[in-house]
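Participant: Below are the structure tokens for one structure; questions will follow.
The values are calculated or read from the model by the stated rules, or taken from the named source; none is laboratory data. This one's a predicted model, so the numbers in the text were calculated from it and none came from an experiment. Here the Cβ positions follow ideal geometry from the backbone for every residue, glycine too, while neighbour counts run over all protein chains shown.
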Amino acid sequence: MEIQTSSRSELVDITDRVRAIVKESGTENGICVISTRHTTCGIIINENESGLRKDILGMLEALVPENKSYAHNQIDDNAHSHLRAILLGMNESIPIEDGHLVLGTWQSIFFVELDGPRTRNINVKIIS
């Protein structure tokens, strides 16, 4: 799946797109693995509420400030993005039961852009 981000840092809800892939696969029971091969973004599961999305980005800024002098900045000036991605992780695995993702009532799947805007690729693998 390809995604175009629009901001330096943002959370993009990809839940509906992943659900469509699971439905199209016809898989009744299994595991859905969502991952990215980019090193300056992440995949997370959390509640899709605007205040919480802002809080997540604020937490990342507090933990790994953009304006700090990092050794990697001598190469790319985006060390903070790499370090934030380490905290989030690059994949999530979700059970599939009766053809549906097993997510909690408030859970959504997010692609987290940390060095955008960019065109990104997300891999969705269904294991039945």
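Participant: Do you know which of the residues in the stretch 8-46 that are more than 26 Å from residue 97 (Cα to Cα) and out of contact with any Gly (no Cβ under 6 Å at 6 or more places or on another chain) is surrounded by the fewest Cβ atoms within 10 Å (Cβ to Cβ)?
Facilitator: It comes out as 37.
Participant: Okay, moving on. Tell me, which residue of the stretch 66-92 that is in contact with a helix residue (DSSP H, G or I) (Cβ under 9 Å, 6 or more places away or on another chain), of a type in the set (A, V, I, L, M, F, W, C) and exposed (fewer than 15 other Cβ atoms within 10 Å of the Cβ) is nearest to residue 113 (Cα to Cα)?
Facilitator: Only one residue tops the list, namely 87.
Participant: Given the criteria β-branched (Val, Ile, Thr) and either in contact with a strand residue (DSSP E or B) (Cβ under 6 Å, 6 or more places away or on another chain) or surrounded by fewer than 16 Cβ atoms within 10 Å (Cβ to Cβ) (or both), does residue 56 qualify?
Facilitator: No, not satisfied.
Participant: Which one of the conditions (1) farther than 30 Å from residue 126 by Cβ; (2) without any contact (Cβ under 8 Å) to a residue 60 or more places away in the chain does residue 8 fail to meet, given that it meets all the rest?
Facilitator: Condition not satisfied by residue 8: (2).
Participant: Strands (runs of 3 or more DSSP E) wholly in the stretch 21-121 with at least 1 residues that are basic (Lys, Arg) and in contact (Cβ under 8 Å) with a residue 24 or more places away in the chain - which ones?
Facilitator: Here the list reads 119-121.
Participant: Kindly check whether there is at least one residue in the stretch 55-65 that is within 26 Å of residue 127 (Cα to Cα) and in contact with a helix residue (DSSP H, G or I) (Cβ under 6 Å, 6 or more places away or on another chain).
Facilitator: For the stretch 55-65, residues within 26 Å of residue 127 (Cα to Cα) and in contact with a helix residue (DSSP H, G or I) (Cβ under 6 Å, 6 or more places away or on another chain): absent.
Participant: Next question. How many of the residues making up the stretch 91-120 are within 11 Å of the chain's Cα centre (by Cα) and either closer than 12 Å to residue 34 by Cα or among the β-branched types (Val, Ile, Thr) (or both)?
Facilitator: 6
Participant: Can you confirm whether residue 4 is at pLDDT below 95 and surrounded by fewer than 16 Cβ atoms within 10 Å (Cβ to Cβ)?
Facilitator: On the way: at pLDDT below 95: no; surrounded by fewer than 16 Cβ atoms within 10 Å (Cβ to Cβ): yes.
Answer is no for this residue.
Participant: If I filter the stretch 68-79 for residues that are more than 18 Å from residue 111 (Cβ to Cβ) and within 20 Å of the chain's Cα centre (by Cα), do I get at least one hit?
Facilitator: The answer is yes, given that some residue of the stretch 68-79 is more than 18 Å from residue 111 (Cβ to Cβ) and within 20 Å of the chain's Cα centre (by Cα).
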